[in-house]
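Written out below as structure tokens is the structure these notes cover.
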Amino acid sequence: MVLKKIYTLVFLRNEKKILLGLKKRGFGINKWNGFGGKVEQNESVIEAAIREMKEECCVTVKKDDLKSVGQLEFTFEGDPVMMDVRVFSGVVYYGTPTETEEMAPKWFTYDSIPFDDMWPDDRLWFPYMLNNKLFYGKFHYKDLDTISNYDIRELKSMDSFYASREQNISPKEKN
Ligand SMILES: Nc1nc2c([nH]c(=O)n2[C@H]2C[C@H](O)[C@@H](COP(=O)(O)OP(=O)(O)OP(=O)(O)O)O2)c(=O)[nH]1
């Protein structure tokens, strides 16, 4: 049986730049990434996305300013947990991105994204996000540095994608 954990991942962007943070501890340490983490019990995915932005880089984002742009699924050899990562993009935010114990934020121009110091899958799906395409990506890792197989596709709508997935999940799996 595959256990699923849901995570958020938020990228703030403007016309020229994207905000990344250098992860200072835990899973993905020393990698540049968007901001996010586990969705806790009794909170929605969007609430978790907003909470993690505040906790990790001291920035306030509002629900209506976050756009759902993709879903990523990660599995690792020998690990029964599937990480289900919900990706959001936003332009409007309040406050100044500030370093915390978890992340050191920095703006990058689109042609200077540090893919060599990011998760290996990122260079495969970032082009979708940067070109404003919605996407679904599924990656199986042999170890933390090596993708053994993957699949990515463009989506027409996140809502209809999630709705069709719901229909294909048995009631047992939903719990
Ligand atoms: N860009 C990218 N992000 C990823 C990948 N894999 C992966 O988990 N992430 C994201 C999803 C989450 O935003 C983050 C992992 O969450 P986390 O372990 O920091 O969660 P957390 O903050 O709740 O954890 P913690 O407080 O318990 O340490 O990394 C990946 O391959 N690429």
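The values are calculated or read from the model by the stated rules, or taken from the named source; none is laboratory data. In this text the structure is predicted, and so the values were computed from the model without any measurement. No Cβ is skipped: glycine too gets one built from the backbone with ideal geometry, and neighbour counts run over all protein chains shown.
So the values come out like this:
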| quantity | calculated |
| --- | --- |
| Options Thr98, Thr109; residue that is away from the ligand (no atom under 11 Å from the Cβ) and in contact with a Lys or Arg (Cβ under 8 Å, 6 or more places away or on another chain) | Thr109 |
| Some residue of region 33-54 being assigned to a strand (DSSP E or B), in contact with a Leu (Cβ under 8 Å, 6 or more places away or on another chain) and within 24 Å of Phe135 (Cβ to Cβ) | yes |
| Filter result for the condition that a residue is within 10 Å of the ligand (Cβ to nearest atom) and either at pLDDT below 95 or closer than 27 Å to Tyr141 by Cβ (or both), over Gly28, Gly78 | Gly28 |
| Matching residues, region 31-54, being under 25 Å from Tyr110 (Cα atoms) and away from the ligand (no atom under 11 Å from the Cβ) | Ile50, Lys54 |
| Within region 13-25, considering residues that are assigned to a strand (DSSP E or B) and away from the ligand (no atom under 12 Å from the Cβ), the one farthest from Asp64 (Cα to Cα) | Leu22 |
| Qualifying residue in region 63-72 (condition: closer than 15 Å to Tyr7 by Cβ and surrounded by fewer than 16 Cβ atoms within 10 Å (Cβ to Cβ)) | no |
| Region 130-164: number of residues that are in a helix (DSSP H, G or I) and in contact with a strand residue (DSSP E or B) (Cβ under 6 Å, 6 or more places away or on another chain) | 2 |
| Verdict on Val85 being closer than 23 Å to Lys24 by Cβ and touching a residue at least 60 places away in the same chain (Cβ under 8 Å) | yes |
| Region 120-137 residues that are more than 16 Å from Lys31 (Cα to Cα), paired with ones that are hydroxyl-bearing (Ser, Thr, Tyr) and in a helix (DSSP H, G or I) (beta carbon under 9 Å, 6 or more apart) | Leu130/Tyr110; Leu134/Tyr128; Phe135/Tyr128; Gly137/Tyr128 |
| Counted residues, region 60-75 - those being farther than 17 Å from Asp159 by Cβ, in contact with a helix residue (DSSP H, G or I) (Cβ under 9 Å, 6 or more places away or on another chain) and within 15 Å of the ligand (Cβ to nearest atom) | 2 |
| Condition met for Val87 (surrounded by 18 or more Cβ atoms within 10 Å (Cβ to Cβ) and near the ligand (Cβ under 10 Å from one of its atoms)) | yes |
| Residues being farther than 14 Å from Gly36 by Cα and in contact (Cβ under 8 Å) with a residue 60 or more places away in the chain - total across region 49-69 | 1 |
| Hey, Lys5 assigned to a helix (DSSP H, G or I) and not hydroxyl-bearing (Ser, Thr, Tyr) or not | no |
